[in-house]
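The structure under discussion appears below in the form of structure tokens.
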């Protein structure tokens, strides 16, 4: 717009409406699934019958995203363009659980799950779990669990289209070389899916006790601990700047020679696997 000072508000509003654009996206996620589950007793222990539950499952997922044509053409601010996306994968699963009443006051449960994916890079995994429950006296229950987990990235985490944003961060390397200011500044960043995501794995254990000394009074005490490897998350602008400064793998892109020198071009802050182990712990106290 030119000569804004001599333009009426109505005319400015009319011109501003000309910049408006309604973006149209279509996304479809379809899951077809079937399973077979069986239950039976396979033996006897002092505490009672040994129960077995087992089964198999098959699932097929298809993902389709049709992007806004104007956004794909890179003529709309706040978008990163990109092709329309079509992806699919199959998942085969087998699982079991055995409940063993070792004694009248001691139960042990052993379970496992096997997953196999058709997508390259995910592969297969077996996740075990064991649970113990011990009741030394009628109003006290002690229990604990150890297990392993496995999660393949969701379809939108892998194939979601890129979008453009301008978050605020401190360009550490640019500050050190004198091409960027040393305070928080907005930079161009792209967000979206990452087809190279590795599966997320975890290891966890819980211990706890339940006390019911009086009718109507129950006290639960618990602690859980979970460690994640290859945690699937979304990166951030400051994390990528810090990784670049530390010489680690990062997604900071700077202009090449003859363009803008070492000035920043963009950052890719799409879904990624963390390179460090994340540990989550929590203590829980509950009165009921």
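General observations
- Taken along its three principal axes, the alpha carbon spread of the stretch 170-231 comes to 70, 31, 19 Å, from the longest extent down to the shortest.
- From least to most packed, judged by other beta carbons within 10 angstrom and beginning with the fewest, 44, 97 follow the order 44, 97.
- Among 175, 182, sorting on how many other beta-carbon atoms sit within 10 Å of each Cβ, with the fewest leading, yields 182, 175.
- Of the residues 39, 143, the one with the fewest other Cβ atoms within 10 Å heads the list, and the complete ranking is 39, 143.
- Taking all C-alpha pairs of the stretch 83-207, those more than 21 Å from each other amount to 64 percent.
- Where labels lie 7 Å past Cα in the beta-carbon direction, separation of residue 168 and residue 27 in nm: 2.7 nm
- Extension gain, residue 45 to residue 120: 0.36 nm times the residue separation minus the Cα-Cα distance gives 22.6 nm.
Each value in this text was obtained by applying a stated rule to the coordinates, not by laboratory testing. Remember, it's a predicted structure, so these values are computed and weren't measured experimentally. Neighbour counts run over all protein chains shown; Cβ positions are idealised from the backbone, glycine included.
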